[in-house]
Amino acid sequence: MSSEMLPAFIESSNVERKQSLSEDQEKSQKPRLGEQFEPISKRQMKKLIKQKQWEEQRELRKQKRKEKRKRKQLERQCQLESNLDGNDRKRIRRDVVHSTLRLIIDCSFDSLMVLKDIKKLHKQIQRCYAENRRALHPVQFYLTSHGGQLKKNMDENDKGWVNWKDIHIKPEHYSEFIKKEDLIYLTSDSPNVLKELDESKAYVIGGLVDHNHHKGLTYKQASDHGIDHAQLPLGNFVKMNSRKVLAINHVFEIILEYLETRDWQEAFFTILPQRKGAVPTDKACESSSHDLKSARIEDGLDSDSSEEDNSRNELESPHEEEKQDKENSSETTVNSIPH
């Protein structure tokens, strides 16, 4: 073979060798005849179950919210029609029945929060105030230990708070003006579960936005001070695909809704955001066995990556929680709050 033909011969040999290697790789990647897919992990099955429950209950949650809006619109319309003279807003307020239940947001955790969390707390307080003003059975609303970063942020960004009505804003701790025997601290860590709301009591909500950095703090504080404590009966009525720690305004609104309907399940499903994936506990139990069977026949799923995805579902990351909190608070602005 001449020296001129040698480079061409080497090049063609390299091309043939690459084609042969690529064919071998394709053959090795194709599943062999008779091979079966590996069973998916338990975490992946749980994820599929939760996703299916979320999809099934989406329309139910929408319908609940729609019914609530229609019911309130109808009530307002009836109130307006029954009173033909005077200011419309005043006519509505005269028909409101005020509850004797005291609901306190404890703002004594100011030093444990950074500024961005203080701002979220401010937005949630705004939402609580607005919802209480609109409620048919508004509670006796207290904001205690008001000062520090929170007061400074409210002074700078919401100067109208000094004109808020039907709210008691106090710099003192709630224990200084409310009897200990009247207090019940609402905390998800408490082993006690509420069955009814006692309207002679004062219920305390911890004003702490911390992304779960101080887990169990409100429960410990209540125990150390000898204050009764309890959690909402969430687990008795609702199955969720995320953690059971609720935002301050969600707890507040659930109590307002319960005072109106006297139905815990309706209150939970009316107020809980769709991202929580809430389903009734009885329906969740009925569908779990069916979903487990259907999950096993699903193929083409990456079981290795499912554990990471599911862990995000069970414990939200601070970044995701911040995004969700922005969505929660975006509905409430200073201009929309009635004074």
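Seen from every direction in turn and averaged, the convex hull around the alpha carbons of the range 102-282 projects onto 10.1 nm². For residue 111 and residue 157, what does the FRET efficiency come to when R0 = 25 Å and r is the distance between their Cβ atoms, rounded to the nearest 0.05? Once rounded, the FRET efficiency stands at 0.80. In this rough spin-label picture, where each label sits 7 Å from Cα along the Cβ direction, the residue 200-residue 236 distance is 2.1 nm. Among the protein heavy atoms of the range 102-282, carbon and sulfur supply 47% of the accessible surface, probe 1.4 Å, non-protein parts ignored. Per-residue 3J(HN,Hα) values for the range 99-107, derived from phi via the Karplus relation 6.51 cos²θ - 1.76 cosθ + 1.60 with θ = phi - 60°, read 7, 7, 5, 9, 10, 10, 9, 7, 9 Hz in sequence order (x marks Gly and Pro).
Summarising the label geometry, the points placed 7 Å from Cα in the beta-carbon direction at residue 78 and residue 261 lie 1.7 nm from one another.
The values are calculated or read from the model by the stated rules, or taken from the named source; none is laboratory data. These figures come from a predicted structure and were not determined experimentally. Ideal geometry is used to build each Cβ from the backbone, glycine not excepted, and the neighbour counts take in all protein chains shown. The area values use the complete protein model at the heavy-atom level, side chains included, leaving out ligands, DNA and RNA. Shrake-Rupley method; radii C 1.70, N 1.55, O 1.52, S 1.80 Å.
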